[in-house]
Each structure stands twice: as C-alpha cells, then as structure tokens.
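**Student:** Mind looking over this structure? Questions follow.
Read-outs: derived from the displayed coordinates by stated rules, not from any lab. In this text, all values refer to a predicted model and were calculated from it rather than measured experimentally. Cβ placement follows ideal geometry from the backbone for every residue including glycine, while neighbour counts extend to all protein chains displayed.
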Amino acid sequence: MAQHSVIAIANQKGGVGKTTTAINLGAALAMAGHRTILIDLDPQGNASTGLGVTVEQRHKTIYDLLAGPEALSECAVSTRIENLSLVPATSDLSSADMELAQTKDRTRLLRRKLEDAPAGSIVLIDCPPALGLLTVNAMVAADAVLVPLQAEFYALEGLSQLLTTVKHVRQSGNPALRINGVLLTMSDYRNNLSQQVEADARATLGDLVFPTVIPRNVRVSEAPSFAQPVLLYDPSSKGSAAYRQFAAEFAARLKLVREEA
Ligand code: ADP
Ligand code: MG
C-alpha cells in the first residue's frame, strides 16, 4: 500500500459527533498499528484539545499549512498515542474563509499539502460544522467522505445538502471523491426514536451505513475534559468498544477502496 488515504469527516450540522469520531477513530486506527494523521480543520480546535495538545503547544497550525509555505511534516505534532499525530487548529482559522477567498486555487490548498503524507498513512480531517471553503478544501483533498449522523429526529434532513456539495466537488475538482460511509452516533437503545432513525437510515442509505452504531455513553462525553480519547480514558467502556469495532469496519472498507483503485 504505497498510497496514503485521506478521509474527510464531514456534516454541516454541529454536535453530531464529527470530532469525537475523528479522535476515537484516529486513536483506534493508530493503536491497531496504522500510521494516522488527524487534521483539525475546525477553528474551535476541539480535536486538538481532546487529544491533549494545549494552545501553547500549537506552534504551527492548520492555518499555516493552508495559508503559508509550511509542509505537512512541519505542522504535525505527536500525541500521547503512538502512530497518531495531529495538525492542530487555533481560532486563527476562523478568518481563513474570508482571507483565502481571493487566493488562486483556493479549494486545492489542502490537497497540495497532503500530497506528501507518508506512504500508507491514513489522514483524517475533522471538518467544521459548515459547507464553506474549509470543508470544500477537505473534500477536494479527500479520497472519501465519512458522515457521522446523530441518531435523532432530523438526522437525515441535512444529508441532501451535504450530498449536493459532494457532487459539486466531484464535478469541479475531485471526480474520484466517494462516500466512505455513514456512521450513526449517540444512539440510545432505550429510546424508540433512535431505533426508528437507524431503521430509516438503513432503508434509505443501505450499505452506506456502517453496521456498528456508536451508543450514547457518558464516558465518551467525559473523555475530552481529560484531554484523552475515550479509548485511553476508559478502554472498557461501551463507547470504546464501539469505536474499536467501527475502526475495524472502516479499515476493511478502506482496503476495498484501495483494491478497486
Ligand atoms: P461535532 O464535532 O460534530 O460538533 P462532537 O464530536 O463535538 O460533535 O460531539 C458533540 C457533543 O456530544 C460533545 O460534547 C461530545 O462529547 C458528545 N458526544 C459525542 N459522541 C458521544 C457519545 N457517543 N456519547 C455521549 N456523548 C457524545
Ligand atoms: Mg467538531
């Protein structure tokens, strides 16, 4: 596997589990021995904080990677998990949409910088909750999009907008972009609604929906305040088990995509 893989974790809705999935999928892949680079593309920097990279430690950031001459290797910092590195974000990034709007090739900035990702590595991009220039950069750079969907009533509503953006990116700069899959998050099995949403999603989207569903689990929500993935904070929790199982499914799908390519 000479090539690296780039996956954009995107949904324009906030609070659906993008960052939680980026952190814990990244941790699970790294722990399984895959060299993984997590790109924090959200000005809120939640993935950076959640992996224990403090604001003081964010010398070079995703902003430098997008707007400056810096290479990927200069912006990535190691985390306390072996095989998992991070390109951190700070609030600088919040003005990037406006600032980069006039730049030539403004949608290909990230793609260009990710070209020298190490062979065989997996790059996960934690997108902001919007379909603006940052998310478009992620999709132009990506082989595939992973969509976390919160198991709640309006979950499927925003999806058509997201798929329209994917279509535009395919037409305009990245014809090979695929949907890697949809991950149902924060499901509550005591709640009929979660089951209904899961049934609807599977009926509408079929095999695109990953078999594993991430349950709502208090350990998952506690972990970021300890600056750790739940996989380190409480490895025996239901949330950890679900993310490990999902990571195995995700890696298997990625391999299929590679074989086809
Ligand atoms: P996004 O990045 O899409 O905005 P987050 O990953 O930050 O979403 O998740 C939103 C909130 O939900 C966070 O407070 C997070 O800790 C919590 N959360 C995410 N997944 C779970 C889960 N499986 N169980 C419990 N809380 C969760
Ligand atoms: Mg987030």
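**Student:** Could you give the dipole magnitude of segment 1-100 about its Cα centre, charging the beta-carbon of Lys and Arg +1 and that of Asp and Glu -1, in debye to the nearest 20?
**Tutor:** Charge dipole of segment 1-100: 400 debye, to the nearest 20.
**Student:** Rank the residues Glu56, Glu115, Glu99 as a footprinting-exposure proxy: fewest other Cβ atoms within 10 Å of their Cβ go first.
**Tutor:** Least to most surrounded, the residues fall as Glu56, Glu115, Glu99.
**Student:** Which translational diffusion coefficient, to the nearest whole µm²/s, is obtained for the chain from the Stokes-Einstein equation, given a Kirkwood hydrodynamic radius over C-alpha pairs, 20 °C and 1.002 mPa s?
**Tutor:** My calculation gives 118 µm²/s for D.
**Student:** From zero outward in steps of 5 Å, how is the percent of C-alpha pairs of segment 202-256 spread across the bins?
**Tutor:** That works out to 4, 20, 22, 20, 15, 12, 6, 1, in percent per bin.
**Student:** Treat the count of other C-beta atoms within 10 Å as a stand-in for reagent exposure and order Met31, Met139 from fewest to most.
**Tutor:** By the 10 Å Cβ count, ascending, the order reads Met31, Met139.
**Student:** Pick from Asn11, Asn191, Asn137: which is most flexible by mean-square fluctuation in a GNM of the chain where alpha carbon atoms under 10 Å apart are linked?
**Tutor:** Evaluated over the chain, the most mobile residue of the options is Asn191.
**Student:** Still on this structure: Binning every alpha carbon pair distance of segment 159-261 at 10 Å from zero, what are the percents per bin?
**Tutor:** Cα pair-distance distribution for segment 159-261, in percent: 13, 33, 35, 18, 1.
**Student:** With +1 on the Cβ of every Lys and Arg and -1 on the Cβ of every Asp and Glu, and nothing else charged, how large is the dipole of the chain about its Cα centre, in debye rounded to the nearest 20?
**Tutor:** 360
**Student:** A follow-up question, please. So which chymotrypsin sites (Phe, Trp or Tyr not before Pro) in segment 185-261 are both in a DSSP loop and have at most 16 other Cβ atoms within 10 Å of their Cβ?
**Tutor:** Here the chymotrypsin sites (Phe, Trp or Tyr not before Pro) that fit, given the DSSP loop and packing criteria, are Tyr189.
**Student:** In addition: Please give the per residue volume of the convex hull enclosing the alpha carbon atoms of segment 171-217, rounded to a whole number of Å³.
**Tutor:** Numbers: hull volume 4.5 nm³, N = 47.
Value for segment 171-217: 96 Å³ per residue.
**Student:** Which is the longest stretch in the chain that no exposed loop site breaks, taking sites as trypsin sites (Lys or Arg not before Pro) with a DSSP loop state and at most 11 other Cβ atoms within 10 Å?
**Tutor:** Working: sites that count: Lys104, Arg190.
So the longest stretch without any such site is 1-103.
**Student:** Could you work out the local net charge near Gln196, counting Lys and Arg as +1, Asp and Glu as -1, over the other residues with Cβ closer than 12 Å to its Cβ?
**Tutor:** -3
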